[in-house]
Amino acid sequence: MSKLAIDSKFVGVPWKEDIREITWRQTTNYAASLNDMNPLYFDEEQEGGLYASPMFPVTLCWRIILADRAKYAPAGLPYPQEVWDTLMHYTEYIDIKRPLKPDVKVRIKSQISAMIPQRAGTQIVNRFDVEDFEDGKPYYTEYVGSMLRGVECADGGKGSLPEYQKTKYVGNALWESPAFCSQALPYIYDGCGDLVFAIHTSPKFARSVGLKTNVLHGTANLAIGVKEVINRELGGDARRVKTIAGKFTSMVFPNDNLRVQLFDRKVSNDAVELYWQLLNESTGKVAVTYGYVKASV
């Protein structure tokens, strides 16, 4: 059997734009799916009205990559389904220009920004620039890195990931916070965020690709850590968040015990940088490595 292969000729080629309306039901459902009851996301009577969680952006673009890819991708991009069947979310980076709020219409501009050969296959990075539909002012740029496992990039690849200081956990944590993946959480997160992929909600499908059962979404793992960092380090003021990043290095299964660990904090005149990881205590493996939140002071 020949090895699956792709090339990087589609890096930088624009995809079809998408227009979305963001409703308060979407933003509140997403936060509630993580039991993140921050008043910023739920108090309709507060000054300025409701805000979306800074992790909410992950709900807007995943369907473009996965379920609706053929609708938005440039002609010729759709590789054989066998290539896409190997895809697994690997890295996440969100550069926030201003807080996102519900009851707005946004324009989403998409492209593949990088294809990077890796030992396990090829990392494909989708870039999404999201702006207000009316005035064109940007809200955020998201870089979704996915691993095409066992797929070779025949021409050596092109492009790179956004840079931030990647610091591993060394020594003692500044603080730790327990968390838990209930049996229901993958289903709730899938439904409330419209992040639909069978590996998260079908144990039968998960076992067909070699897993013991369904797994929690990588973005949910990231969001669990981000929630704790915002509440414990930023006084719950999610509007201060400027950058979120992390790498997904092991899986979280239903009924796994987790622990968010903050291990470094760097403060400058205009920003605070927070370094953390998500440990899966049930497996002894780190589920989110290089967890990072940058916020205004």
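Ranked for footprinting exposure by Cβ neighbours inside 10 Å, fewest first, L262, L4, L222 give L4, L262, L222. Relative to the Cα centre, the charge distribution of the chain, modelled as +1 at Lys and Arg Cβ and -1 at Asp and Glu Cβ, gives a dipole magnitude of about 840 debye.
Antiparallel DSSP bridges in segment 5-153: what percent, to the nearest 5?
Approximately 95 percent, going by the DSSP bridge assignments.
Beyond 23 Å, the tail of the calculated P(r) for segment 175-296 holds 32 percent of the Cα pairs. Residue ranges 165-177, 268-280 sort as 268-280, 165-177 when ordered by packing (mean number of other C-beta atoms within 10 Å per residue, highest first).
Computed packing ranks the peptides 282-295, 32-45 as 282-295, 32-45, most packed first, by mean other Cβ atoms within 10 Å.
Can you give me the C-alpha center-to-center distance between segment 166-236 and segment 119-134, rounded to a whole angstrom? Taking the Cα centre of each part, segment 166-236 and segment 119-134 sit 20 Å apart.
Values quoted throughout were computed directly from the atomic coordinates according to the rules given, and no laboratory measurement underlies them. Model, not experiment: these values are computed from the prediction. All Cβ positions, glycine included, derive from the backbone under ideal geometry; neighbour counts span all protein chains shown.
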